[in-house]
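K.L.:
There's a structure below that I have some questions on.
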Amino acid sequence: MSSGFALGEVHVSSSPQERFAEYLQSRGKRITSQRKALVDHIFERHDHFDAEELIDNISGANRENRISRPTVYRTLNELVEAGLLRRFSLRGRAVYEHDYGYPAHDHLHCTICDELIEFQTDELPRLREAVAREHGFRVTGHRLIISGICRDCSAKRHRRQSPLDLI
């Protein structure tokens with residue numbers, strides 16, 4: 001992908017763990033070892049995931065400290081409420097991504113392999129504001145997911161058959 005569309009950096013004053021602890025404290029809840037493990041696991045990498053992928057992934061990585069399915073779902077909801085994760089729907093399933101400390105961006109979604117490619121451009125907000133201004137609309141945010149077929153899947157579909165395909 002062209003570096004002209006790469007995501008920039010956002011600097012934050014506290015870690016996701018600290019931010020989540022503040023959120024829980026403000027709601028009279030405590031930060032349990034399971035919640036800590038989930039936050040650490042989610043924020044040690046950047047990828048898009050759904051709850052089931054997270055459950056499978058954390059179960060394999062954390063066998064001695066089991067985290068129940070309800071705890072995962074409840075914690076994901078709390079992370080969204082705390083502004084640490086963003087949830088969006090993709091083909092009828094809830095998908096999560098980092099929100100805290102991550103710049104505003106949009107996505108390309110491959111409808112064959114489900115890959116999500118993040119991109120950022122200054123042109124889209126300008127267009128969004130121009131359209132909103134024309135309609136007297138006050139923008140509070142946006143989410144754009146462009147569906148299509150990624151380069152790899154497109155190349156697979158248009159590749160000529162080879163005698164080696166029969167082996």
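The numbers here are math on the coordinates, done by the rules we state, and not lab data. Owing to the predicted nature of the structure, the values given are computational and were not obtained by experimental measurement. In this analysis, Cβ positions are derived from the backbone assuming ideal geometry, glycine residues included, and neighbour counts consider all displayed protein chains.
K.L.:
Per-residue HN-Hα couplings for the stretch 140-145, Karplus 6.51 cos²θ - 1.76 cosθ + 1.60 at θ = phi - 60°, whole Hz, x for Gly and Pro?
P.N.:
Result, rounded to whole Hz: 10, x, 7, 9, 10, 10.
K.L.:
Can I ask one more? Please compute the contact order of the stretch 42-122 in relative form: average sequence separation of alpha-carbon pairs under 8 Å and at least six residues apart, divided by the residue count, as a percent.
P.N.:
Values: 70 pairs, mean separation 20.5, N = 81.
Relative contact order for the stretch 42-122 comes out at 25 percent.
K.L.:
Moving on. What order do you get for PHE88, PHE137 when you list them from fewest to most C-beta neighbours inside 10 Å?
P.N.:
PHE137, PHE88
K.L.:
With a ≥ b ≥ c taken as the square roots of the eigenvalues of the C-alpha gyration tensor of the stretch 60-149, please select rounded if a/c is under 1.5 and otherwise prolate if a/b is larger than b/c or oblate if it is not?
P.N.:
prolate
K.L.:
Hey, another quick one. May I ask for the net charge around ALA21, where only other residues with Cβ less than 13 Å from the Cβ of ALA21 are counted and Lys, Arg are +1 while Asp, Glu are -1? Before the final figure, lay out each step's value.
P.N.:
Details: positive: ARG19, ARG27, LYS29, ARG30, ARG35, LYS36; negative: GLU18, GLU22, ASP40, GLU78.
Overall, the nearby charge balance is +2.
K.L.:
In vacuum, with every alpha carbon of the stretch 13-102 counted as one equal point scatterer, what does the Debye formula give for log10 I(q)/I(0) at q = 0.14, 0.16 Å⁻¹? Two decimals, please.
P.N.:
-0.45, -0.60
K.L.:
Taking the DSSP beta bridges in the stretch 103-161 as the whole, what percent of them are antiparallel, to the nearest 5?
P.N.:
If I count the DSSP bridges inside the stretch 103-161, around 50 percent turn out antiparallel.
K.L.:
Under the Karplus relation 6.51 cos²θ - 1.76 cosθ + 1.60, θ = phi - 60°, what is the ordered set of whole-Hz ³J(HN,Hα) values for the stretch 94-99, x standing for Gly and Pro?
P.N.:
6, 10, 10, 8, 5, 10
K.L.:
Ok, one more. Can you list residues whose amide H is under 5 Å from LEU90's amide H, if they're 5+ apart or on another chain and H is modeled 1.01 Å from N?
P.N.:
Distant-sequence amide H within range of LEU90: VAL95.
K.L.:
Additional query: Equivalent-ellipsoid semi-axes (√(5λ), Cα gyration tensor) for the stretch 103-161, whole Å, largest first?
P.N.:
Values: eigenvalues 208, 24, 16 Å².
Computed over the stretch 103-161, the values are 32, 11, 9 Å.
K.L.:
Here is a follow-up. When you count, for each residue, the other Cβ atoms within 10 Å and take the mean per peptide, how do 94-106, 144-156, 41-53, 74-86 rank with the highest first?
P.N.:
74-86, 94-106, 41-53, 144-156
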